[in-house]
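Engineer: Let me begin by handing over the structure; questions about it come next.
The values are calculated or read from the model by the stated rules, or taken from the named source; none is laboratory data. Just so it is clear, the model here is predicted, and its values are computed rather than measured. When we count neighbours, we look across all protein chains shown, and the Cβ atoms used for this are built from the backbone with ideal geometry, even at glycine. To get the accessible areas, we keep the full protein, side chains included, count just its heavy atoms, and leave off ligands, DNA and RNA. Shrake-Rupley method; radii C 1.70, N 1.55, O 1.52, S 1.80 Å.
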Amino acid sequence: MPEARVRDVFRVPVGKPVDLAGVDPAGTPVGPGGKAAGVAATAALGPRLAALQDRLYAASTAGDRRSVLLILQGMDTSGKGGVVAHVVGQFNPSGCRITAFKAPTPEELGHPFLWRIRRALPRPGQIGVFDRSHYEDVLITRVRELVPRRLLGRRYGQINRFEQSLADDGVTVVKVFLHLGFEEQRKRLLARLDDPGKHWKFHPGDIDERALWPAYQHAYELALERCSTDAAPWYVVPADRKWYRNWVISRLLLEHLEDMAPRYPAADFDVAECRARLLAQ
């Protein structure tokens, strides 16, 4: 039986309601049967990912304008940084463009919300990674009521049109929601408090945000439902098991890159003649 495609298992159907409560954040519906096997399987994907990245970059030198954009969203401690380290870390860093979006600066607030996003897009041949993204403008803004609802409602359509334009320009958009459980987040926050070396990662406001967990889950459900499109679908990835999260996202990237099938460009010079000249020296 052929191996199930990860993108088919975790993809959010277009136009269908999303119920995150019905998705097990510790689930392992497909793939390796345990942590040791999962870590080994992820490591085995590394050379294949690196080879495809190399071909993608090489193709860009001959005019291929395609690129990949991995968008990571999730609650605090869901593992966005871990994905960058353990999944994106399998690529050649010189071919990656990683952006961690924080609270908007005064300059950014003076522009439309997609302005800072456009400035961080991957160039042809690159693997771009967004640690948080334009979706913050329909997530925290909804939960904290930072903008009027009528303005907020328009943003879903703006996002969809923006992502369609990216796809039209050759950007393969891979959007991942890291689905973390409420109790697992508590464990991870406690681990930060218990380790002085991780206190810098903790903020007392993280506890206040947990009190808004239901509102955030609802905001994510709306974003997943309204912005999972054929051009840029969402994938809900269980995030309680770090090893499984890393394997799923590695597989997602591999499947998309394999579908892109980038090729090394043909030489624009006489290979045989150059070889003969070198041998004659």
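Engineer: Might you let me know whether segment 167-188 holds any residue that is more than 22 Å from the chain's Cα centre (by Cα) and in contact (Cβ under 8 Å) with a residue 40 or more places away in the chain?
Structural biologist: Restricting attention to segment 167-188, the residues satisfying the condition of being more than 22 Å from the chain's Cα centre (by Cα) are 183, 186-187.
Still in the list and also in contact (Cβ under 8 Å) with a residue 40 or more places away in the chain: none.
Among the residues of segment 167-188, not one is more than 22 Å from the chain's Cα centre (by Cα) and in contact (Cβ under 8 Å) with a residue 40 or more places away in the chain, which makes the answer no.
Engineer: Can you name every residue in segment 1-59 that is of a type in the set (S, T, N, Q) and more than 30 Å from residue 263 (Cβ to Cβ)? Explain how you work it out, then say what you get.
Structural biologist: Taking segment 1-59 and keeping what is of a type in the set (S, T, N, Q), we get 28, 42, 53.
The answer is 28, and nothing else.
Engineer: Here's a follow-up. Name the helices (runs of 4 or more DSSP H) wholly within segment 188-281 that hold at least 1 residues that are surrounded by 15 or more Cβ atoms within 10 Å (Cβ to Cβ)?
Structural biologist: Working: elements: 205-210, 213-226, 242-260, 271-280.
Filter on segment 188-281 gives 205-210, 213-226, 242-260.
Engineer: Do we find a residue being open to solvent by 30 Å² or more (accessible area, probe 1.4 Å), of a type outside the set (Val, Ile, Thr), modelled with pLDDT under 95 and assigned to a helix (DSSP H, G or I) anywhere in segment 164-187?
Structural biologist: So far as segment 164-187 goes, no, none of its residues is open to solvent by 30 Å² or more (accessible area, probe 1.4 Å), of a type outside the set (Val, Ile, Thr), modelled with pLDDT under 95 and assigned to a helix (DSSP H, G or I).
Engineer: A follow-up question, please. Within segment 249-261, can one find any residue that is over 22 Å from residue 129 (Cβ atoms), modelled with pLDDT of 95 or more and either in contact with a Leu (Cβ under 7 Å, 6 or more places away or on another chain) or of a type in the set (Asp, Glu) (or both)?
Structural biologist: Checked segment 249-261: no residue is over 22 Å from residue 129 (Cβ atoms), modelled with pLDDT of 95 or more and either in contact with a Leu (Cβ under 7 Å, 6 or more places away or on another chain) or of a type in the set (Asp, Glu) (or both).
Engineer: Among the helices (runs of 4 or more DSSP H) contained in segment 40-154, which hold 1 or more residues that are crowded, with 17+ Cβ neighbours inside 10 Å, without any contact (Cβ under 8 Å) to a residue 40 or more places away in the chain and among the basic types (Lys, Arg)?
Structural biologist: Of the helices (runs of 4 or more DSSP H) lying wholly inside segment 40-154, those with at least 1 residues that are crowded, with 17+ Cβ neighbours inside 10 Å, without any contact (Cβ under 8 Å) to a residue 40 or more places away in the chain and among the basic types (Lys, Arg) span 115-118.
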